[in-house]
1. Within 10 Å of each residue's Cβ, count the other Cβ atoms and sort Arg254, Arg149, Arg438 from fewest upward.
2. List Leu377, Leu385 from most exposed to least, where exposure is judged by having the fewest other Cβ atoms within 10 Å.
3. Given 0.36 nm per residue, what is the gain on full extension from Lys427 to Asn410 after removing their alpha carbon distance, in nm?
4. Counting pairs of alpha carbon atoms under 8 Å apart in space and at least six apart in sequence, what relative contact order in percent does the chain give?
5. Test of understanding: what is the full-extension gain from Val355 to Asn393, defined as 0.36 nm times their sequence separation minus their Cα-Cα distance?
6. Using the number of other C-beta atoms within 10 angstrom as an exposure proxy, rank Arg286, Arg271, Arg308 with the fewest first.
7. Starting from the alpha-carbon convex hull of the range 340-503, give the projected area averaged over all orientations, in nm².
8. What 222 nm value per residue comes from the helices of the chain, counting each DSSP H run with n ≥ 4 as -39,500 (n - 2.57) and dividing by all residues, nearest 500 deg cm²/dmol?
Amino acid sequence: NAPDNHLRPNYHFTPPAGWMNDPNGMIYHEGEYHLFYQYYPDGNKWGPMHWGHAVSPDMIKWEHLPIALYPDEKGYIFSGSAVFDWQNSSGLGTADNPPLVAIYTYHDMAGEKAGRDDFQSQAIAFSTDKGRTWTKYDGNPVIPNRGVRDFRDPKVIWDADHSQWVMVLAAQDRVQFFGSPNLTDWTFLSEFGENARNHSGVWECPELFPLTVMETQDDAWVLTVSINPGGANGGSGTFYFPGDWDGKIFSPRREAIFSPTDTVNWIDYGRDNYAGVTFSNAPDGRRTFMGWMSNWNYAQVVPTESWRSAMTIPRDLSLHATDFGTRLRQQPVEELKKMRTKNLPLDFPRIGDGVTNIDLSELGTNGAYEVDLTIDLVDSDATELNLTLSNKNGDVFYRIGYSRARGVTNAFFTDRRQAGPTDFHEKFAPESLTVAPRWSNDGELRIHAYFDRTSAETFFDEGDPVMTDIFFPEEPFTMLTLEVSGSSGEGMPEGWSLVKGDIW
Ligand code: FRU
């Protein structure tokens, strides 16, 4: 019973002990979701990278499995992906028992220390027993390095339109695409990114996948890229380009009209969602995303000792035609409803006639709450809403807000400056709040948040924007406070109507 176990989330994935960063090799296969992850089992800071491994029937309850890939004489095992080679195109399985193939980066530490530039290369490993054991391919690397210092994080998909495997790879602050008939022989296809924002950091963990635009039924592609530094609210973050893919070249759609304050499409505006990718081969055409719920700014010094980091909840992605161009939306997966226990319906008609305190301690869920509010913004001239989750006294708290100060801003913010210790790193809780634009101009505002002891993931409106933050209060939060301010009160009701409100 480690002294920091009280800081463990209740249902988010965490490593059994030691250090974790990026999710890797996410794939659905024969009834199981596989999650591999960047893992250093012997320490609580980043170190020689392994692929840790877990499986789940529903992406919520995870079973830890033995480490899948250990570092070897070719290097540490960096981030990558996994595919089901159902036609045994690689010849690494048999026609009757085709293999799972993992594609990862070798990071040759000695090469880096020696000052060489070619220390990262792409390699594969395979499994013919449902991912239980893995064999490294004896022809590794499958893509050697030709002198690009940052050359990593292969994500592979089957491109059915062009009958080829496609790999997208981070190469400094660009991505490169490679094609292959068999996962072992790869041909360079193209590079993307020179003229695309943003370039304030190195690009990592890219992914390319198809998705249909819901409103138009138009087939599109999405390229996601993680960047460090340069995230929406500092440090590491993930952005995306809606676009088209012709089997060789990715063309971003230029129709995007950005909000005045924003020139990049961010997957998440919180500080803690990085290196996320989607499950390969998910059933029913689902495109389900999970990220690493931390930030390279401070991940290695957060106040847990025996283990470090959690993954985000899984989120289903969908693509939409909006006033701001083609945009991704995220919804927490349906499977999360299983985590609901007792329902606390909020049956008062209006928030803002003063402060509303809701005692959550009776739910007895150790700081895990789902909060879902729909608020009518039209019938009042109030300007700011605060939703605060706190301890009993209200002096340790995490706050989510919406502000529309007389047409000047139409934004969401989160505030963790008093949500527990912050002094372990100056960039953890700077004075500037975490902010996100509101994209919707709907008169109804939805705030759907998942709290899990040491984290908050808030899906605004229809799942765009999303804000994910971590925090480390010593005691679980047990009180929810709703407050509306800024109303002039001249003929208008004080607060906003609560159309619907539920807590679980
Ligand atoms: C992203 C990253 C990847 C790399 C891995 C190493 O967080 O830097 O680019 O493969 O972590 O652990």
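Nothing in this text is a laboratory measurement; each read-out follows from the coordinates by a stated rule. Given the structure is predicted, the values throughout are model-derived calculations rather than measurements. Here the Cβ positions follow ideal geometry from the backbone for every residue, glycine too, while neighbour counts run over all protein chains shown.
1. Arg254, Arg149, Arg438
2. Leu377, Leu385
3. That works out to 3.6 nm of additional length.
4. About 14 percent, as a whole number.
5. Stretched fully, the Val355-Asn393 segment lengthens by 12.2 nm.
6. Arg286, Arg308, Arg271
7. For the range 340-503, the mean projected area of the Cα convex hull comes to 9.4 nm².
8. Dividing the helical sum by the residues of the chain leaves 0 deg cm²/dmol.
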